[in-house]
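The values are calculated or read from the model by the stated rules, or taken from the named source; none is laboratory data. All of these numbers come straight from a predicted model, not from anything done at the bench. Cβ placement follows ideal geometry from the backbone for every residue including glycine, while neighbour counts extend to all protein chains displayed. These accessible areas exclude ligands, DNA and RNA; they are computed on the full protein's heavy atoms, side chains included. Shrake-Rupley method; radii C 1.70, N 1.55, O 1.52, S 1.80 Å.
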Amino acid sequence: QVQVVESGGGLVQPGSSLRLSCAASGSIASINAMGWYRQAPGKQRELVARLTSGGATRYADSVKGRFTISRDNAKNTVYLQMNSLKPEDTAVYYCNARVARSGYLIPENYWGQGTQVTVSS
């Protein structure tokens with residue numbers, strides 16, 4: 001089994017910064033990519049940022065220049081540094097890890113439970 005656990009959400013004022021962390025653990029042979037998605041009330045889940053094992057990044061247009069995704073391979077952990085936060089960044093943020101489990105060739109997607117980020121004055 002693979003577990004994905006996020007941390008770091010909270011309530012902050014507009015213009016503030018916040019860093020989210022996501023750690024994958026369990027029977028992991030390799031991690032193809034890890035990323036962050038978010039879902040605001042009444043909206044579909046959307047990609048925020050994604051980082052592949054090869055180092056390629058992808059960001060939503062709405063967060064480019066404000067958010068940075070990074071990783072610690074030794075810890076199977078990915079971070080999302082969020083700067084200049086806006087009220088429209090308010091959402092539940094979910095971590096996704098595309099993982100090949102030990103003994104399996106095909107990677108699968110695993111999700112965390114989500115962490116709430118609220119940006120409000």
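One table, with the values for the structure above:
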| item | result |
| --- | --- |
| Accessible surface of the range 63-120 [probe 1.4 Å, protein heavy atoms]: carbon and sulfur percent | 48 percent |
| Whether the range 57-105 is rounded, prolate or oblate, judged on the alpha carbon gyration tensor where a/c under 1.5 counts as rounded | prolate |
| Gap separating the Cα centres of the range 14-42 and the range 64-116, nearest whole Å | 2 Å |
| Debye intensity ratio in log₁₀ form over the Cα atoms of the chain, taken at each q of 0.10, 0.19 Å⁻¹ | -0.29, -0.96 |
| Accessible area per residue, Å², the range 8-121 with all protein chains present, probe 1.4 Å | 53 Å² |
| Around residue 50: net Lys/Arg minus Asp/Glu count, Cβ-Cβ under 14 Å | +4 |
| Projected label distance in nm at residue 72 and residue 5, using a 7 Å step from Cα toward the beta-carbon | 1.4 nm |
| Per-residue ³J(HN,Hα) for the range 66-75, Karplus 6.51 cos²θ - 1.76 cosθ + 1.60, θ = phi - 60°, Hz, x for Gly and Pro | 10, 10, 9, 9, 8, 8, 10, 4, 5, 9 |
| Solvent-accessible ranking of 72, 89, 61, largest area first, probe 1.4 Å | 61, 72, 89 |
| Sulfur and carbon atoms: percent of accessible area, the range 1-61 [1.4 Å] | 45 percent |
| Charge dipole (debye, nearest 20) of the range 10-121; +1 at Cβ of Lys and Arg, -1 at Cβ of Asp and Glu | 100 debye |
